[in-house]
Amino acid sequence: MDESSKPLRPSRSPSTQLIHHPYTPPEGFASPATPVAKGSTIFFPSMEAVRQRDWAFKTTYTYGLHGTPTSFVLEERLAALEGAKHCILAPSGLAALNMVNLALLKPGGRVLLPDNVYGPNKYFAEHFLQSYGIEHAVYDPLDAQDLAQKLTPNTQLVWLEAAGSVTLEFPDLQGLIRVCNQAKVPCALDNTWGAGLAFSPFDLRDQDGCALQLDISVHALTKYPSGGGDVLMGSVCTQNPELHKTLKRCHMQLGFGVGMNDVEAILRALPSIELRYTAQDRSAQQLARFLAQHPAVAQVRHPALPCSPGHVYWQRLCGHKPHSQAAGLVSFFPHASWSDAQVDAFCEALQWFKIGYSWGGPVSLVMAYDLRGDRDLAVSMESAPSKRLLRLCIGLENPDDLQADLAQALETIHRQANAS
C-alpha cells in the first residue's frame, strides 16, 4: 500500500486537516514552465523503498540535497546541451570546480593547471590543496608538449580552460586532451566560455579524426545559462557512470544544495541561451575589430582575431561552423603610456558598460586587471605589451551604442596619455 492509498483517520483539528488533506491535483497539466518542486524531507512509501533508494542516477528521490523533479529536469537538459550522460548541480561555478578537485585529488597527488586558469581555481590549489599534501604546477596551454613534460606518475588531474581566464588565449585543446588520454590521466574542462555551444566538449576529435576523451566538463551556470546576472550555480557533466558516482558521493558529503527557485530561473532562461550567446558573440566580434584598429589599443585578445594567441586552435575547433562563435568576451591592452590612474579613469568614463565581475547577462561590463603576479610562466607575458589589461563582457545592448561608448572613453584617456 503506498502513501496516497492509506485511509486517513478523521480529525477535527484544523492543523491536522490542513497538513494531511487528501486532495491531489489531477495529472495531465502541461505548460512551458517546469513546476517548482521544493523539499528537504522526501516521503517514502515504505521502508523497503528507503532501503532501495538510488542517490546517484535519478531513479528515486531521497532527500532535498540530492534533487527534486525540478533539479532533475535541469540536470538532464544541461547534460544534453554539453553532450554528456550525467550532470550534477552545485551552488556556484567555483563550488563545481572545487567539488571536482576534492573528489579526484588525494594526498601525495598532483594537479596541473593552465597558466591562464580561472584565478580562484589556482588559489585553491596554492592555499588549500597544498595544505593537504597535494602538489600543483602550471603548464603553457598553447603547448601540448609542455603539458606532457610536466606530467608525473602522481598526477591525478589536469585542468583545461578554453578560452583562458581574462587573457583569452585559446588553448591547443585537442592536443592537450590527447596528451592526457595517452598518459591515462583524468582531464577536466572549465567550459563556461564555450557553454556547450561554441564546440561540443564530449565529441572532440584530433586532426587524424580519432576520438578524444574528455572526462569532466564544468560550467558556471551563473553566466550564459542564467543570462540575467542574478543566479549563482554550477554544473559538473560526465559520460562515465563510475566517475559520476565518485563526484556525486563527494557532492553529498560536501552538502551542496541548490535552491529550486534558482533552478527555475535557469530553466526559464535556457531555451534562449543559443539566441543570446549568438547575439553577444556577434557584438563582441564587432567590438573586437573596432578595438584592433584604434590607436589607443596596443593589442586585442579575442579568439576569432587572427592576431590573438591561440587563434589557430580556435579556428580548428570552432571555425568550421557557418557562424564561428567565440563568446561575448573581449580583452585588450592599452598602450604602455597609460598610467594606472588612466586605466581606472577609462572604466569610469564608460556610460553603457558597468564596472563589475561575471558575464553572460544583459548588461555589458568592464573590469581592469593587473597581470603582475597572476601568471607564473614568462611565456604567458611575452606577447603582452603591458601588465594592465581591460576585459569587456558584452551584454545585449545595441553594439553600435557600445562601440560609440568605447570610442568616447578611449579618445578622452588617449589624449590625456599622449599629453602626459
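The values are calculated or read from the model by the stated rules, or taken from the named source; none is laboratory data. It should be emphasised that the depicted structure is a prediction, and the values quoted were computed from it without experimental measurement. A quick note on method: Cβ atoms are made from the backbone with ideal geometry, for glycine too, and the neighbour counts reach across all protein chains shown.
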- Note on the structure: Among PRO114, PRO107, the single one that is touching a strand residue (DSSP E or B) at 6+ places or on another chain (Cβ under 7 Å), of a type outside the set (A, V, I, L, M) and closer than 26 Å to PRO153 by Cα is PRO114
- Out of LEU214, LEU232, report the one residue that is in contact with a Pro (Cβ under 7 Å, 6 or more places away or on another chain), assigned to a loop (DSSP other than H, G, I, E, B) and surrounded by fewer than 23 Cβ atoms within 10 Å (Cβ to Cβ). LEU232
- May I ask you to verify whether PHE333 is in contact with a Pro (Cβ under 6 Å, 6 or more places away or on another chain) and either surrounded by 20 or more Cβ atoms within 10 Å (Cβ to Cβ) or within 30 Å of TRP55 (Cα to Cα) (or both)? yes
- Task: Kindly indicate which of SER40, SER71, SER31 is modelled with pLDDT of 90 or more, loosely packed, with under 11 Cβ neighbours inside 10 Å and under 34 Å from the mean Cα position of the chain (by Cα).
- Result: SER40
- Query: Residue check, ALA292 against (1) aliphatic (A, V, I, L, M); (2) crowded, with 16+ Cβ neighbours inside 10 Å; (3) closer than 24 Å to CYS87 by Cβ, all met but one. Which one?
  - Reply: (3)
- Note on the structure: The residue that is nearest to ARG391 (Cα to Cα), considering only those in segment 139-166 that are more than 16 Å from the chain's Cα centre (by Cα) and among the β-branched types (Val, Ile, Thr), is VAL158
- Among helices (runs of 4 or more DSSP H) entirely within segment 93-177, at least 2 residues that are among the basic types (Lys, Arg), touching a helix residue (DSSP H, G or I) at 6+ places or on another chain (Cβ under 7 Å) and not assigned by TED's automatic domain parsing to the domain that holds THR192 occur in none
- Task: Hey, could you check segment 239-268 for residues that are in contact (Cβ under 8 Å) with a residue 40 or more places away in the chain and small (Gly, Ala, Ser) and say which is farthest from THR34 (Cα to Cα)?
- Result: GLY255
